[in-house]
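The values are calculated or read from the model by the stated rules, or taken from the named source; none is laboratory data. Small disclaimer: the values here were computed from a predicted structure and weren't measured. Glycine also receives a Cβ, built like all others from the backbone with ideal geometry; neighbour counts cover every protein chain displayed. The protein model used for the area step is the full one, side chains on, heavy atoms only, and it has no ligands, DNA or RNA in it. Shrake-Rupley method; radii C 1.70, N 1.55, O 1.52, S 1.80 Å.
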Amino acid sequence: MTPSKGHNKELAERAYRVRRNAVRMGEVQGQGYIAQALDIADVLATAYFHAMRYRPEDPNWEGRDRFLLSNGHYAIALYAALIEAGIIPEEELETYGSDESRLPMSGMASYTPGMEMSGGSLGVGMSIAVGMAMGLKRKKSDSRVYILFSDGELDEGSVWEAMMSAAHHKLDNIIAVVDVNNQQADGPSTQVMAFEPLGQKLEAFGWFVQRIDGNDLDAVVDAFDAAKDHKAPKPRIIVADTLMGKGVPFLEAREKNHFIRVDAHEWQLALAALDEGRLA
Amino acid sequence: MSLLDDPKRLGEHVADFRARHPKKPMRQEFGAIMLALAERRPDVFAVTADLMYATGLVEFGARFPDRLVNVGIAEQNMIGVAAGLGGAGKLPVVCGYAAFIALRAVEQVKVDCAYNETKVILAGLSSGLTYGVGGPTHQTYEDLATLRAMPNTIVIVPNDTVQAALAMDAAVEHPGNTPIYLRLGRGPEHVLTKPGDPFRIGRANRLCDGDDVCLVANGALTFEAYLAADILRGEGIAAEVLDMHTVKPIDREAILDAAGRVDAMVVAEEHSRSGGLGAAVLEVLEDGHDFPVARIGLEDEYPPIGPMPDLRHALGLSGEAIARRARLLLDRKRSRRGR
Ligand SMILES: Cc1ncc(C[n+]2csc(CCOP(=O)(O)OP(=O)(O)O)c2C)c(N)n1
Ligand SMILES: [Mg+2]
């Protein structure tokens, strides 16, 4: 049973707008990690407009939940959410990836409000999450650490080192999401380096694990709720199976969509496809 | 007015000089180098960490699937696996990005390869500022420092795609049990080298003769030094250009020979001014020299994120900047002497 079925109209609108922002930024450069932004938009919409606590006008507010982007190349997706959240002004999306912009290709804490770490080198965010979660607990803060990482990052040993320490230190204030879009630079992730059965591995590492369709908004909402409500003193992880290019059928159908170039006229087609999905 | 002081004429001169030297992209050429090597040497393995496409290995993988080891995004594992292949009598060529070989996995390079006396060829692409838009995680200006400081390493910075092929051949033939690092670029760069040109590890190539100033460079900045020598010629300054493709072991003889003749030396590299080629040259000259040495490289601050040509220009890694620096050193030195 999915308790929240059908109650997420507003979130669906948010997810639509996150996708739209990402596509508009993609158009500025003519290329980018667009397919990932589309696949993770439902998760980001749920994180920013359902689960997390923050103040858009004060991104450094001490009481905020932290959001770590470990897979820094997903920055375009997070910028899209930060714009929708009012942390970055919408006009700035026109500057995406250009020289004086606060929105570089990889997410950098030094450049962008709302960015909690500097990414671009894969497999490092989980360790930072562990330290941050530990520090917040020591400060008696009830803020949570949310961390997004990608299935390709599962290849890095450092991710597993950090996951072991998160469980060892009972860091129940970590809510991780791993985007299993089954894609990395050299092809389908499960073929480059087999990682299944992922849920069992993570459970064996001492985590509270939920595996969901990351593009089923109701399921995403329920998973975030369950992660927050869970009682066991364990770090929580949501394994989100997603579809690259979600919401834009001609991008969903593309192979080798890790880094895509899109022809000039196709951006409008992509926006139109999103509009169509929104009405449906 | 002299060429260097006439922006319009200088601009035209430089554009014309560049146009006469076509460019070739490293990624594609590197793929071809690996393919030719695999055909010739059945013991060669390519080891990569989810950068098969990025290092041009697609055809290699199709033709020699059993000799392409892709460990996923796991660079420390990659170096260790390569060291193991080396220990089993194979010739592993690690194909990756400079940053992830020389920084992420630097301990594995030291202990598993260098200390353990295991021959592994490390091909680090996208080095320096060549992947400028990748930002600080992909820009690599510390690799010469880390890899030069550990004993039992060879560090080579080919100046173009043709020299990269010559360096790869030399690395393959090299008899020592040592990791050999080839620092490589990414996109199109000017080509100076011709296929039959000499290449010996540890032996600099003299590209221009001159007794006024010696310009020492490697990698893409060799072309810039070559361009600088051309500009300086118009100023009546004769510049020697040393292509110091091997940073370790460095060619002491070539440096000391130039030191005996010239009035100034300018070293240029796409690396931090600490620990790279400039530092290596100064180490050779540490017993004393009576001429100024300028090191052109990256200052002690993180470069911006942006496309490589913009970064090189903004950070003064250009033929024009090298020429200006050389003229300045000579002017100062000669005016002092005249006094
Ligand atoms: C440590 C490190 N190694 C290699 C890279 C190069 N790289 C950038 S993205 C990428 C693939 C990442 O996998 P994933 O995030 O699952 O890919 P996606 O789903 O975005 O296609 C690689 C290998 C990197 N950024 N950092
Ligand atoms: Mg992926």
For chain A: relative contact order, % (alpha-carbon pairs under 8 angstrom, 6 or more apart): 23
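Can you pull the percent of the stretch B:13-132's accessible area that's carbon plus sulfur, 1.4 Å probe, other chains left in place?
Values: 2370 of 4520 Å².
Carbon with sulfur: 53 percent of the solvent-accessible area.
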Charge sum, other residues only, whose C-beta stays under 9 Å from residue A:234's C-beta, Lys/Arg counted +1 and Asp/Glu -1: +1
Relative contact order (%) - criterion: Cα under 8 Å, at least six apart; region: the stretch B:190-238: 39
Accessible surface of residue B:58 - all protein chains present, 1.4 Å probe, nearest 10 Å²: 70
List of the stretch A:185-205 residues, accessible area with partners at least 20 Å² below that of the chain alone (1.4 Å probe): A:185, A:186, A:192, A:193
At 1.002 mPa s and 20 °C, Stokes D of the protein assembly as shown from Kirkwood alpha-carbon radius, µm² per second: 82
Accessible surface ranking that places the most exposed of A:234, A:256 first, with a 1.4 angstrom probe: A:256, A:234
D_trans [Stokes-Einstein, Kirkwood Rh over alpha-carbon pairs] for the stretch B:1-58, 37 °C, 0.692 mPa s, µm² s⁻¹: 223
Complex-versus-alone comparison for the stretch B:72-121, residues with a loss of 30 Å² or more in accessible area, probe 1.4 Å: B:73, B:104
Per-residue mean of C-beta atoms belonging to partner chains within 10 Å, peptide B:183-191: 0
Test item: A:54-65 mean partner chain Cβ contacts at 10 Å: 0
Within a Gaussian network of chain A (alpha carbon springs, distance under 10 Å), most fluctuating of A:99, A:225, A:65: A:99
For the stretch A:108-153, residues shielded by at least 20 square angstrom of accessible area compared with the chain on its own, probe 1.4 Å: A:108, A:111, A:120, A:121, A:122
Most mobile listed residue (B:254, B:83, B:167) in chain B, GNM with C-alpha springs under 10 Å: B:254
A:33, B:53, ranked by accessible area, largest first (probe 1.4 Å): B:53, A:33
Normalised per residue, the volume of the convex hull around the Cα set of chain B (Å³): 126
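Taking a probe of 1.4 Å, how large is the accessible area per residue of the stretch A:59-122, in Å²?
Solvent-accessible surface per residue comes out at 32 Å².
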Cα gyration tensor, the stretch B:38-167 - rounded (a/c under 1.5), prolate or oblate: rounded
Interface size B-A, as summed buried accessible area [1.4 Å probe, Å², nearest 100]: 1700
Nitroxide proxy distance, nm - points 7 Å out along Cα→Cβ at residue B:333 and residue A:271: 6.0
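Sorted by packing (mean other beta-carbon atoms within 10 Å per residue), highest first, where do B:22-31, B:181-190, B:211-220 land? Let's see the in-between values first.
Working: B:22-31: 17.4, B:181-190: 24.2, B:211-220: 27.3.
So the peptides B:22-31, B:181-190, B:211-220, ranked by packing, come out B:211-220, B:181-190, B:22-31.
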Unit charges on C-beta of K, R, D, E only; dipole of the stretch A:9-279, Debye: 1040
Percentage, to the nearest whole number, of Cα pairs in the stretch A:187-231 over 14 Å apart: 62
Convex hull volume per residue in cubic angstrom - Cα atoms of the stretch B:202-338: 104
Heavy-atom accessible area ranking, 1.4 Å probe, most first, across A:100, B:235, B:173: A:100, B:173, B:235
Local electrostatic count, residue B:126, Cβ distance below 15 Å [Lys/Arg +1, Asp/Glu -1]: -2
Förster radius 41 Å - calculated FRET efficiency between residue B:284 and residue A:98 (Cβ-Cβ, nearest 0.05): 0.45
Carbon/sulfur fraction of accessible area - the stretch A:181-280, other protein chains in place, 1.4 Å, %: 54
Area accessible to solvent at residue B:325, 1.4 Å probe radius, in Å²: 90
Pairwise FRET efficiency - residue B:1 versus residue A:168, Cβ, R0 = 51 Å, nearest 0.05: 0.10
Rg/Rh (Cα only; Kirkwood hydrodynamic radius) as it applies to chain A: 0.94
Residues of chain B: accessible area per residue with a 1.4 Å probe, Å²: 39
Probe 1.4 Å - accessible area at residue A:101, Å² to nearest ten: 10
Computed lengthening from residue B:62 to residue B:152, 0.36 nm per intervening residue step minus Cα-Cα distance: 29.0 nm
Fully extended contour minus Cα-Cα distance, from residue A:58 to residue A:191, at 0.36 nm per residue: 43.6 nm
DSSP beta bridges in the protein assembly as shown [antiparallel fraction, %, rounded to 5]: 20
Lysines with Cα under 19 Å of residue B:119, excluding same-chain neighbours fewer than 8 positions away: B:90, B:110, B:248
